[in-house]
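Taking it in order: structure first as structure tokens, then the write-up.
The values are calculated or read from the model by the stated rules, or taken from the named source; none is laboratory data. Because the structure is a prediction, the values reported are computed rather than measured. In this analysis, Cβ positions are derived from the backbone assuming ideal geometry, glycine residues included, and neighbour counts consider all displayed protein chains. We work out accessible area using only protein heavy atoms, side chains counted, and drop any ligands, DNA or RNA first. Shrake-Rupley method; radii C 1.70, N 1.55, O 1.52, S 1.80 Å.
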Amino acid sequence: MKRLGGVDFDERILSALRENKLVIFAGAGVSMGPPSNLDSFEGLVKEISNGTGLAVEKPLDRFLGTLKHKQVHVHQRAAQRLTPLGSAPNALHRDLLRLFGSGDRVRLVTTNFDHHFSTAYAELFGATPAVFRAPALPLGQSFSGIVHVHGDLSRPDDMVLTDADFGRGYLTEGWARRFLVDVFRHYTVLFVGYSHDDVVMNYLARALPTGTPGRFALTDVEGNWDLLGIAPVLFKKGEGKDAYSELYKSIAHFSNRAVRPAIEWQQRLEEAAAAPPPVDEEVIGEIEEALNRTSLLRLFLRTCKSPAWLRWLGSRGHLAPLFSGQSLDERSEILAQ
């Protein structure tokens, strides 16, 4: 585990990002914070139902299907609600994209209909992203860019909202299922902005094959993620307008660490190595990340001279391969020297 902004991230998430094998999967929660200010799926359903005389019922996709059957223009109402005046990308949109370091490495799938990720991408990387939208999806085993797996605002009629829409995407026509099965088979996935009982997660569960790379969800509730084969990465939810500050902080820390330049790493590691071994979990995580990257390991060991560090490395298992009797990899040979 590596602590970033108060949140413990599984090492497999960081490794997948370094190896260009991480896919961010963004849900409605990402676009709820200011200045985006968009509804959750449940809030959107309530807005769509206004004036129909019908009380919202669960499951929400079936309720929207009922409205559609009663000639309510569900998709057009949703599009209007999702384009409020002044809505713009928030820090979470930007930091999730910043994780990848450069535009050509971005692999982001979203069930949101808004265009805030595309806007943030253009601001960050000075270019127009490759954007795919349902039902015309790319190959899940080899793609880059931003994928609107449930469609987007540019074509409201294709947005996946009703039970019939989900049925086409995941069952009869199956374009969403085919794409997602390939994604989950080939990439480590980090879900952000979902709860375990979302309508969307219930459908995604049908596309989650077993025996695949890690699947993780940043969440404030442990819930029943294990039933979906997803490991929760827990953050603490606060109160009021700052309820999700720890989530924003952790992603910001993750992004800053991911794009940290070599000169900054050098300064940070020299400072750490000149001091006694740390007890703070976030500093420990930072050093252990460096120990897993040979170029940074060399920087660290150049300054690290105190016997206390030798004991620290041994206590945390970093020297164990030296005594295993097995051939040493490059990292262990550096430590041995």
If I compute solvent accessible area with a 1.4 Å probe over the protein chains, what percent of it on the stretch 1-96 is carbon and sulfur?
50
Residues residue 337 and residue 15, FRET efficiency given R0 of 25 Å [Cβ-Cβ distance, rounded to 0.05]:
0.55
For the stretch 223-266, I need the span (max minus min coordinate) of the C-alpha atoms along each principal axis, in Å, sorted largest to smallest.
43, 31, 10
In degrees from 0 to 90, rounded to the nearest 10, what is the angle of the helix 281-291 Cα long axis to the longest principal axis of the chain?
70
Once both axes come from the Cα atoms, what is the angle between helix 175-186 and the longest principal axis of the chain, in degrees from 0 to 90, rounded to 10?
10
Report, ordered by chain and residue number, the aspartates and glutamates lying within cross-link reach of residue 21, taken as a straight Cα distance under 14 Å and ignoring same-chain residues fewer than 8 apart.
11, 104, 182
Carbon and sulfur %, accessible surface of the stretch 259-337 computed with the full protein complex present, 1.4 Å
51
Which lysines, on any chain, are close to residue 305 with Cα under 23 Å apart, when same-chain ones fewer than 8 places away are left out?
none
Computed over the stretch 98-247, the convex hull of the Cα set has an average projected area, in nm², of 9.5
FRET E, pair residue 326, residue 221, Förster distance 41 Å, beta-carbon r, rounded to 0.05:
0.45
Quantify how much of the Cα-Cα distance distribution of the chain extends past 32 Å, in percent.
36
Which value, in Å², gives the accessible area per residue of the chain when a 1.4 Å probe is used on the protein heavy atoms?
47
Relative contact order (%) - criterion: Cα under 8 Å, at least six apart; region: the chain
19
Each label point is 7 Å from the Cα along the Cα-to-Cβ direction; what then is the distance between the points at residue 8 and residue 42, in nm?
2.9
